[in-house]
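*Asks:* For reference, the structure I am asking about is given below.
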Amino acid sequence: MLYIEKEGLPDDINRKIIELRKSEEWKNIKEDDTEMVRFVFDTDFPKNDVKEILLHEQHGICAYCMKRIRMDNHSRVEHLLPLSKDKEKAIDYNNMLGVCDGGEKITGRQGHILCCDAHKGETEIKLSPLNKVQMDKIAYDSEGKIYTEPKDVDMEKDINDVLLLNGIQKSDGTVRDTSTELLKGRKDTYERARKMMNRLNAKGKCTSVTVKKLIEELYNSDEREEYAGVKLYYFRKKYNKVKKKSQYILMFKIYLW
């Protein structure tokens, strides 16, 4: 999961939303009429235009699990604060994220464990990819588990119980992965990042400058690779370690001099 910086909407799309908000049809919808709010959102809101912008600002990955998303029926516009909770937020771009289908369309896999919005449904969460302070706490281990560092109980409750990003913990201690195999995907990505650093070490090229460049290239890619947050987390940890070591060596040399 990565921090998402909103780009804003073009004037023409903004005008459409303003016109919808001012329309009698919209004004006449009652706050608790979720069915009608959803109908208008699906039919009159410029959903595809907004979805395209969401995918662009998220560099082509799901806001929650970081799986690849494109402009097709495997992706959707998600309301961070559920559509059923607030009528005005239902057509507020700043309350919207681009997400995957959570495995709803996958068939033939035992358990069929949904994740992301497909499991979240109308549950209100405290976790937000739009909150940089929260996103700076996101961490991953070598088994592909996502957690918080330092530990944030509320965030981890949303990660584990609502979004189901770590699959399901069984009573015998084993874990059942999601239908979209999130744990496997993150574990494989973590291992690729580790091997990449090992190769650089073997060549004597694992410097803070090299690692920083890798971080910048990955973060700034127009279309980020799946689970990019895992690599970024690993690379940043390595960067801090290498930089600290370099500073220690420099201080030692100064001391000797």
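*Asks:* Angle, helix 208-220 long axis vs. longest principal axis of the chain, Cα atoms, 0 to 90°, nearest 10?
*Replies:* For 208-220 against the chain, the angle is about 10 degrees.
*Asks:* If I stretch the segment between Asp161 and Lys137 completely, what's the gain in nm (0.36 nm per residue apart, minus their alpha carbon distance), one decimal?
*Replies:* This chain segment gains 6.8 nm when fully extended.
*Asks:* Related question: Enumerate the lysines that Lys87 could reach by cross-link, defined here as Cα to Cα under 24 Å, with residues fewer than 8 away along the same chain left out.
*Replies:* Lys6, Lys16, Lys22, Lys27, Lys30, Lys47, Lys51, Lys120, Lys126
*Asks:* Let me see the P(r) profile for the chain: every Cα-Cα distance counted, bins of 5 Å, each bin given as a percent of all pairs.
*Replies:* All Cα pairs, binned at 5 Å, distribute as 1, 6, 11, 15, 16, 14, 11, 9, 6, 4, 3, 2, 1, 0, 0, 0 percent.
*Asks:* Next question. Quick check for you: with a 1.4 Å probe and neighbouring chains kept, what is the accessible area per residue of segment 49-134, in Å²?
*Replies:* Per residue, segment 49-134 has 41 Å² of solvent-accessible surface.
*Asks:* Please determine, in degrees from 0 to 90 and to the nearest 10, the orientation of helix 11-22 with respect to the longest principal axis defined by the Cα atoms of the chain, where the helix direction is its Cα long axis.
*Replies:* So the inclination is approximately 40 degrees.
*Asks:* Testing the spin-label approximation: label points 7 Å from Cα along Cα→Cβ at Thr43 and Thr123. State their distance in nm.
*Replies:* Simple spin-label model gives 3.2 nm for this pair.
*Asks:* Quick check: residue separation of Asp92 and Asn201 times 0.36 nm, minus the Cα distance between them. What number comes out in nm?
*Replies:* Working it through step by step, the gained length comes to 34.5 nm.
*Asks:* Then there is this: Roughly speaking, what is the centre-to-centre gap between segment 1-58 and segment 162-181 when only Cα atoms are used, to the nearest Å?
*Replies:* 33 Å
*Asks:* Hey, any idea what % of the chain's accessible area is carbon plus sulfur with a 1.4 Å probe?
*Replies:* Summing carbon and sulfur atoms, their accessible area is 50 percent of the total for the chain.
*Asks:* Name the residue farthest towards the positive end of the dipole of the chain from the options Thr189, Pro10, Asn240, assuming +1 on Cβ of Lys and Arg, -1 on Cβ of Asp and Glu, about the Cα centre.
*Replies:* Looking along the dipole axis, the top candidate is Asn240.
The values are calculated or read from the model by the stated rules, or taken from the named source; none is laboratory data. Computed from a predicted model, the values in this text were never measured in an experiment. In this analysis, Cβ positions are derived from the backbone assuming ideal geometry, glycine residues included, and neighbour counts consider all displayed protein chains. Quick note on the areas: whole protein, heavy atoms, side chains included, nothing else; ligands and nucleic acids left out. Shrake-Rupley method; radii C 1.70, N 1.55, O 1.52, S 1.80 Å.
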